[in-house]
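What follows is a short report on a single structure.
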Amino acid sequence: MAEKPLKRVPLAFALEAVPSKPAKGAAGGLPGSAPQPITSIIFLLERVYTMEQIRLGIIGVGNMGSSHIGNILAGKTPEITVAAVADRREERRAWAEQTLPAGTPIFTEGSQLIAAGVCDAVLIAVPHYQHPVLAKEAFAHGLHVMCEKPAGVYTQAVREMNAAAEQSGKVFGMMFNQRTNCLYRKMHEIVHSGQLGEMKRVNWIITDWYRTQMYYDSGDWRATWAGEGGGVLLNQCPHQLDLLQWICGLPKTVHTFCHEGKWHDIEVEDDVTAYLEFENGATGVFVTTTGDAPGTNRFEVTGTLGKLVCEDGALTFWHLKEDERQFCRTCQQGFQLPEMEKLTVETDGQNPQHVGVLNAFADRILHGGPLVAEGREGLNGLLLSNAMHLSGWLGQTVEIPFDEALFLQELDKRRATSRKKEGASITFSTEGTY
């Protein structure tokens, strides 16, 4: 690992440097602190002077890659330093040269960065088809990997990536930054602890992904089957599909209506409605689009002990005093509702987003701490996304697991006739969009 620009100090020197007594008239311990035992001071000094940083190579410095660089340069990830970057676009390499410290290696291809031996880990933030390809190369070179969402475009490639990660023994994380949101973490806790009872219904209307035509025209790969592999399901909604399966589990069947180019001049889906059925009989509806202004973000989960609603930055729990199934069978009135209380759920208020994911990634590598999302978990949300696409293409209900070879055949049909786009390469700020 690359060390911070702090000199490694032997413990013996630390012993000599720390007086056994405070100087006359001075407080003991570190500046601004209460007197400390000498052993505590030695421990603190030793940790400060021996802390290491992860040398991170960032592959792709577009919308997301440049955002990650900004966070790291701002000191928000103290255990990570940008050791190198790669991008195929000359204008983005020029931006990196102006932005990063002098002498930072800048490559044209991610493969060059991976093979250069200048990094401990890579962050992959390139068009989706390349995610599994570059991740497998990085694992083969003994590097840790953080992958932007989605894990890939089709599940067969992601399964190969997961196998390569397992074989390498390296740390593999997915950039599911919405799992750091205190509201979704609390929903996960309530559902999985049984406080909501048995799940009955899931509804998520997530239509606040508004995008203009300029957004889709900003890159030749965007919103094409050959370049991106999908639309709102694969670009904007991997976060929600991950959260849905993380909190509620994967459904057993989906029936989806995918409208391609309904609101924009694009060939992929920009308006989707899906009906879900779960193993226990619970049902769900998932609605998304990039064409609504204003949009809505309302995630509702109903169980036999009440209902959770996440909307407008708040989590509300209608908690039943008695299980609804028991109440239904025993109540002697026809219209009476179960007794309930409406609670505004308290959380820890923490929502570190991308910075939280990266800091956890560094902590796992350096100290063995937990990741926000294990890399292999990227497969689950993609299973749901692929099943929705396949259902829309075939016009029928699709079971999960589904025929993954059939999905790839259908995708390849669309890639073969995909639009060849030409135009400007534009990078937008993503600040405040998640």
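The values are calculated or read from the model by the stated rules, or taken from the named source; none is laboratory data. Everything numeric in this text was worked out from a predicted model, so none of it was measured. Backbone-built Cβ (ideal geometry, glycine too); neighbour counts: all protein chains shown. For accessibility, only protein heavy atoms count, side chains too; no ligands or nucleic acids. Shrake-Rupley method; radii C 1.70, N 1.55, O 1.52, S 1.80 Å.
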- Residues of the range 309-349 with amide N under 16 Å of a point placed 7 Å along Cα→Cβ from ASN280: 320, 322-327
- Message: As a quick test, which of the pairs LYS262/LYS420; LYS149/LYS307; LYS136/LYS170; LYS262/LYS413; LYS186/LYS252 have an alpha carbon distance above 22 angstrom in this structure?
- Response: LYS149/LYS307; LYS186/LYS252
- Message: Which log10 I(q)/I(0) values does the range 76-195 give at q = 0.22, 0.23 Å⁻¹ under the Debye formula, counting every alpha carbon as one identical point scatterer?
- Response: -1.26, -1.31
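Residues with beta-carbon under 15 Å from that of GLY295, excluding GLY295: net charge, scoring Lys, Arg +1 and Asp, Glu -1?
Working: positive: ARG211, LYS262, ARG298; negative: ASP208, ASP270, ASP271, ASP292, GLU311, ASP312.
Its environment carries a net charge of -3.
What accessible area per residue, rounded to a whole number of Å², is obtained for the chain using a probe radius of 1.4 Å?
47 Å²
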- With all protein chains present and a 1.4 Å probe, the order of GLU267, GLU90, GLU109 from largest accessible area down is GLU90, GLU109, GLU267
- Query: Helix 90-99 versus the longest principal axis of the chain: what is the Cα-based angle in degrees, 0 to 90, to the nearest 10?
  - Reply: 40 degrees
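Could you look at the chain and say what percent of its accessible area is carbon and sulfur, using a 1.4 Å probe and all protein chains?
Values: 10400 of 20330 Å².
On the chain, the fraction of accessible area on carbon and sulfur atoms equals 51 percent.
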- Item | Computed accessible area, LYS186, all protein chains, 1.4 angstrom probe, square angstrom | 50 Å²
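Using helices alone, I'd like the mean residue ellipticity at 222 nm for the chain: each DSSP H run of four-plus residues gives -39500 (n - 2.57), total over residue count, nearest 500. Please report the intermediate quantities before stating the final value.
Numbers: 14 runs with 151 residues, N = 434.
Counting only the DSSP helices, I get -10500 deg cm²/dmol.
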- Task: Quick one: compute the contact order of the chain, relative version, from alpha carbon pairs under 8 angstrom and 6+ residues apart, as a percent.
- Result: 17 percent
- Task: Specify the angular offset, from 0 to 90 degrees and rounded to the nearest 10, of the alpha carbon long axis of helix 63-73 from the longest principal axis of the alpha carbons in the chain.
- Result: 30 degrees
- Query: So what does THR304 come to for accessible area, using a 1.4 Å probe and Å² rounded to 10?
  - Reply: 10 Å²
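Semi-axes of the chain's equivalent ellipsoid from the Cα gyration tensor, sqrt of 5 times each eigenvalue, largest first, rounded to whole Å? Working shown, then result.
Numbers: eigenvalues 342, 214, 69 Å².
Semi-axes (√(5λ), whole Å): 41, 33, 19.
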- Computed E for ARG201/GLN156 - FRET, C-beta separation, R0 35 angstrom, nearest 0.05: 0.60
